[in-house]
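Values quoted throughout were computed directly from the atomic coordinates according to the rules given, and no laboratory measurement underlies them. As the structure is a prediction and not an experimental result, all values here were calculated from the model. For neighbour counting, all protein chains shown are included, and Cβ atoms are generated from backbone atoms with ideal geometry for every residue, glycine included.
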Amino acid sequence: MSEPRSMFAVLREAINSRDPVTGTLHQSAFARAVQNWIGGGAAARRPSSSLVLVQIDWTTRAGRTGRPGRRQADAALRQVAEITGSCLRTTDVLGRTAHPDTLGVLLPSTPAQQAEHVSRRIRAAVGERTLKHGIPVTVSIGLATGLVTDPWASAAEALADAQLDGGNRIVVAAAAPRHV
């Protein structure tokens, strides 16, 4: 008797952890997933160079001033999420971040060089497709490895750098120097 309830609870949790626009993890579920990997609790993995946090923001090719209305923006974000998800492994985690139009990707067991390759593949795939509503989109991507002091802030700074001068770029945050 308790088995169907536990299955229902698992299904409810899975449904409640999804963002209604993108179908990816919603902001708090994605943040919990990242926190489980980079710190905060006994289950956390030790930060390493083989863990990468990625932030992806999109824009129309006309630039931020040419951004569509909310309905079209949601459609564009949904399409970028679908394309991004198609470029990831089953072990990678895709979700929304605190910024409304930004996606986050956690790439566990992924060296920075491989994460850059994945990011280039995402950027190219998004650039090749025109969205259902006819909005040509590009993405800017910021990456931070688990070696930086604050992967969230480092990925956000790298994303901001990638958005400079029109965006459509990938920037990797510099790892903090290690003291021996």
Low-density loop cleavage sites - trypsin sites (Lys or Arg not before Pro) in the stretch 83-128, where at most 14 other Cβ are within 10 Å (DSSP):
Arg89
Using a basic spin-label model with each label point 7 Å from the Cα along Cα→Cβ, how many nm lie between Ala153 and Gln72?
3.7
Could you check the simple spin-label distance between Asp165 and Glu128, using points 7 Å along Cα→Cβ, in nm with one decimal?
2.6
Given the Cα-Cα distance of Asn16 and Thr90 and 0.36 nm per residue of separation, how much length would full extension add, in nm?
24.6 nm
Given 0.36 nm per residue, what is the gain on full extension from Ser28 to Ala174 after removing their alpha carbon distance, in nm?
49.9 nm
Extended-chain gain in nm, criterion 0.36 nm per residue less alpha-carbon gap, Glu82 and His117
10.8 nm
